[in-house]
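Report on one structure; see the data block that follows.
Please treat every number below as a calculation from the coordinates, not as lab data. Owing to the predicted nature of the structure, the values given are computational and were not obtained by experimental measurement. In this analysis, Cβ positions are derived from the backbone assuming ideal geometry, glycine residues included, and neighbour counts consider all displayed protein chains.
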Amino acid sequence: MNFFFIKLKVFLLISFCCTFFYLSLPKELNAIQTDLGASLFKYNCAGCHINGGNIIRRSKNLKISSLKRNGIDNPEAIAKIARQGIGIMSGYEDKLGENGDQIVANWVWEQAQKAWIQE
Ligand code: HEC
């Protein structure tokens, strides 16, 4: 085999690895965010909102029908509540850390879409 073909092979191998890495990256990041959202929820919210319910005010739960009824129709609205609280619920800005409000809100929103049924 001449030198040119060896170079070509190495080039193709590297391109293949890079493409594979690049394609798998967003999925990995998504999975990390989902895990983080789940644990943020577990430690900060599940005490009152176990399985998307509400042990204090039953009607103000995290199911899609209740959220929509109360005008909460996007993850940002949930993030704001997580940060600042609402009604008798206090805010958890300090505990959630940087971007934690967004991450937990995205997770809650996703669970609401799936009716809180774990896969
Ligand atoms: C100490 C109990 C408690 C904890 C912990 C708690 N909540 Fe709440 N949450 C409540 C109560 C009570 C309400 C209803 C507040 C009201 O309207 O007076 C509520 C309401 C909400 C609502 C509005 C639901 C609706 O249908 O109107 C959202 C969204 C929400 N909480 C998200 C969160 C998130 C996210 C966390 C974690 C960061 C969290 N909560 C932690 C008690 C809690």
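In summary, the lysines within cross-link reach of K114, defined as a Cα separation below 27 angstrom excluding same-chain residues under 8 places away, comprise K27, K42, K60, K63, K68, K80, K95. Full extension of the chain segment joining R69 with S15 gains 14.4 nm, where the gain is 0.36 nm per residue of separation less the Cα-Cα distance. By the count of other C-beta atoms within 10 Å, a proxy for reagent exposure, K114, K63 are ordered fewest to most as K114, K63.
Could you pull out the GluC sites (Glu not before Pro) across segment 32-102 that fall in loop regions by DSSP (anything but H, G, I, E, B) with no more than 11 other Cβ atoms inside 10 Å? Provide the component values of the computation, followed by the final result.
Numbers: sites: E76, E93, E98; in loops: E98.
Answer in residue order: E98.
Of the residues V104, G53, S90, the one whose Cα sits farthest towards the positive end of the charge dipole of segment 15-119 is G53 (charges of +1 on Lys and Arg Cβ, -1 on Asp and Glu Cβ, taken about the Cα centre).
Suppose every Lys and Arg Cβ carries +1 and every Asp and Glu Cβ carries -1, with no other charges. What dipole size does segment 23-119 come out with about its Cα centre, to the nearest 20 debye?
Numbers: 12 positive and 10 negative charges, 117 e Å.
Using only the charged Cβ atoms, the result is roughly 560 debye.
Out of every Cα-Cα pair in the chain, what percent are more than 18 Å apart? If you can, show how the numbers build up before the last one.
Values: 4040 of 7021 pairs.
Taking all Cα-Cα pairs of the chain, the fraction more than 18 Å apart is 58 percent.
Each residue, I86 and N30, gets one label point 7 Å from its Cα in the Cβ direction; the gap between the two is 2.7 nm.
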